[in-house]
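S.K.: Pasting a structure here, questions to come.
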Amino acid sequence: MRLIVIGGVAAGLSAAARARRVDAGLEIVVLEKGANVSYGACGLPYYLSGRVRRAAQLIVYTPEYFAKERNIAVRTGAQVVSISHPRREVVLDGGERVHYDRLVIATGARPIPADRALAALPQAFTLHTLEDVEHLKLFLREKRPKRAIVIGAGYIGLEAADALRRNGLAVTIVEQSPHVFGREDVALTADVRERLERFHVELRLGERADDVDGYDLAILANGIQPNVALAADASVELGRTGAIRVDEHMETNLAGVYAAGDCAEAEHLVTGRPAYIPLGTTANKMGRVAGANAAGRRERFSGIAGTAIVSVFGLGVAVTGLSEAQAQREGFSPVVARITARSRARYFGGKPITVQLVADARTRRLLGGTVLGEDGAAGAINVIATALYNRMRAEDLQDLDLAYAPPFSTVWDPVLIAAQQLSKMV
């Protein structure tokens, strides 16, 4: 039995590693078109800013490690150009044909194409791969740009703005939508704008960046889209989101063909409908399930809530589930509670932390949450995400037995305070 995995980053290598643990005798080959595998893509903005000193620090494992320690063959520079499922083979760009018995597609995502003339400018860059950041760092050293424009106010755009300011550039962010972070949330957008302005970053919302004259550097961060052309050409069905449609076992419509990571959609835990929210955490979990099932197991992927956090000049901005506007559009009757408290005792340096919770007025079920704070944002959003996973109601959340000690928290955790306020409203 031979398992072929197309893609050698988060989802692909998680699938390969999990398949090996399930079946020690399975032949596993990973085909990666790029030069690097198993690297921390989420660390790229921190490498750009200088907080990660060397690119090698982002490399988790090498192909040699996988060959020696896991008995997994990882081939870099191996671009798959077509899949022939009736023949159970993939074709590489050099014409080589590789047979498979089971297949995992983990082709990831790619940047949404920018205007062709804009993308062709010598000062225009994307931040999608390690090579992208290396080229940008070289440009910063050699050209010493002074003014930068960042197109897009999502995760990558916000982190890029932070990194460029740390490199001494004047930065403007231009976002076509009226919101940041890809989330319809007026309060969240206002808080992020305030933080950006505090660090002298201009935020322009509801605008297109058709002209970048006057800027020495342009970062194209207007989003990503699933890399599905290879799968679609092989008659793999796409879902309503445009990503590959999979069942709870990560299997596609083709028997023995699985998909995972940023190329695939997943069921949203709150809405129960397919969603496309590409995140590294999700990719790893999807990859594990796909790899296990490709090796003969029957495991299931439970779904996603879209839990994410980004640092905006030291402010943790975290979200999970639905915003009020999203909940309303999905047919819920949302109510919102928003509080600001301290992350821990004042005499232990506790800082303000804002927690916003959204619940359905009819069922009292928690639908989503937002947390902003310099201290404790990750822990708070993880509590809310756990509540979403367990379909908890507002009163269930307020009764949680959370830890307290002055160096770490307050007697009433900010999440519990927000839950109490929410319980009064539903």
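Quick note: the coordinates plus some simple rules give every number you see, no bench work behind them. Note that the structure is a prediction, hence the values are computed from the model and not measured. For neighbour counting, all protein chains shown are included, and Cβ atoms are generated from backbone atoms with ideal geometry for every residue, glycine included.
S.K.: Running a GNM on the chain with Cα contacts under 10 Å, which residue among SER38, SER235, SER323 ends up with the highest mean-square fluctuation?
M.R.: SER235
S.K.: If Lys and Arg each add +1 and Asp and Glu each add -1, what is the summed charge of the other residues whose beta carbon sits under 10 Å from the beta carbon of GLY8?
M.R.: Combined, the nearby Lys, Arg, Asp and Glu give +1.
S.K.: Here's another thing I want to ask about it. What residue among GLY256, GLY214, GLY280 shows peak mean-square fluctuation when the chain is described by a Gaussian network model with Cα springs under 10 Å?
M.R.: Residue with maximal mean-square fluctuation among GLY256, GLY214, GLY280: GLY214.
S.K.: Residue by residue, what Karplus-based ³J(HN,Hα) values in Hz, rounded to whole numbers, does region 216-232 have, using 6.51, -1.76 and 1.60 with θ = phi - 60° and x for Gly and Pro?
M.R.: 7, 8, 10, 9, 8, 10, 8, x, 10, 9, x, 8, 10, 4, 4, 5, 4
S.K.: Order of ASP247, ASP216, ASP401, ASP185 from fewest to most other C-beta atoms within 10 Å?
M.R.: ASP401, ASP247, ASP216, ASP185
S.K.: Now, a different point. Which FRET efficiency value, to the nearest 0.05, do you get for ARG362 and ARG298 by plugging their Cβ-Cβ distance into 1/(1 + (r/R0)^6) with R0 = 45 Å?
M.R.: With R0 = 45 Å, the Cβ-Cβ based efficiency is 0.80.
S.K.: Between ASN390 and VAL98, what is the label-to-label distance in nm when each label sits 7 Å out along the Cα-to-Cβ direction?
M.R.: With each label placed 7 Å out from Cα toward Cβ, I get 4.3 nm.
S.K.: Using a Förster radius of 30 Å, what is the FRET efficiency between ASN382 and HIS200 based on their Cβ-Cβ separation? Nearest 0.05, please.
M.R.: With R0 = 30 Å, the Cβ-Cβ based efficiency is 0.45.
S.K.: To continue, here is another question. Take the chain, connect every pair of alpha-carbon atoms lying under 10 Å apart with a spring to form a Gaussian network, then pick out the residue of ILE28, ILE156, ILE59 with the largest mean-square fluctuation.
M.R.: Its mean-square fluctuation being the largest, the pick is ILE59.
S.K.: Hydropathy at least -0.5 by Kyte-Doolittle, axial extent at least 15 angstrom from the Cα trace: which helices of the chain, defined as entire DSSP H runs, fit?
M.R.: Correct list, ordered by number: 10-22, 155-166, 186-198, 280-294, 377-389.
S.K.: Assuming R0 = 41 Å, what is the FRET efficiency of ARG2 and ALA325, from their Cβ-Cβ distance, to the nearest 0.05?
M.R.: E between ARG2 and ALA325, to the nearest 0.05, is 0.30.
S.K.: Using a Cα-Cα cut-off of under 13 Å, which aspartates and glutamates could be cross-linked to LYS68, ignoring same-chain neighbours fewer than 8 residues away?
M.R.: Qualifying aspartates and glutamates at Cα under 13 Å: none.
S.K.: Ratio of alpha-carbon Rg to the 2.2 N^0.38 Å globular estimate for region 300-426, to two decimals, please.
M.R.: 1.01
S.K.: Could you put CYS42, CYS263 in order, starting from the residue whose Cβ has the fewest other Cβ atoms within 10 Å?
M.R.: Lowest to highest Cβ neighbour count: CYS42, CYS263.
S.K.: Can you list the lysines whose alpha carbon is less than 28 Å from that of LYS424, not counting same-chain residues fewer than 8 positions off?
M.R.: List returned: LYS351.
S.K.: Over the chain, what is the percentage of antiparallel beta bridges among all DSSP beta bridges, to the nearest 5?
M.R.: Bridges in the chain that DSSP calls antiparallel: roughly 55 percent.
S.K.: Okay, moving on. Under 26 Å from the Cα of LYS146, which lysines turn up, not counting those fewer than eight places away in the same chain?
M.R.: Straight-line reach from LYS146, under 26 Å: LYS137.
S.K.: Please give me the summed charge of the neighbours of ARG88: other residues whose Cβ is under 11 Å from its Cβ, Lys and Arg +1, Asp and Glu -1.
M.R.: For residues surrounding ARG88, the net value is +2.
S.K.: Which number comes out as Rg/Rh for the chain once both Rg and the Kirkwood Rh are worked out on C-alpha atoms?
M.R.: 0.98
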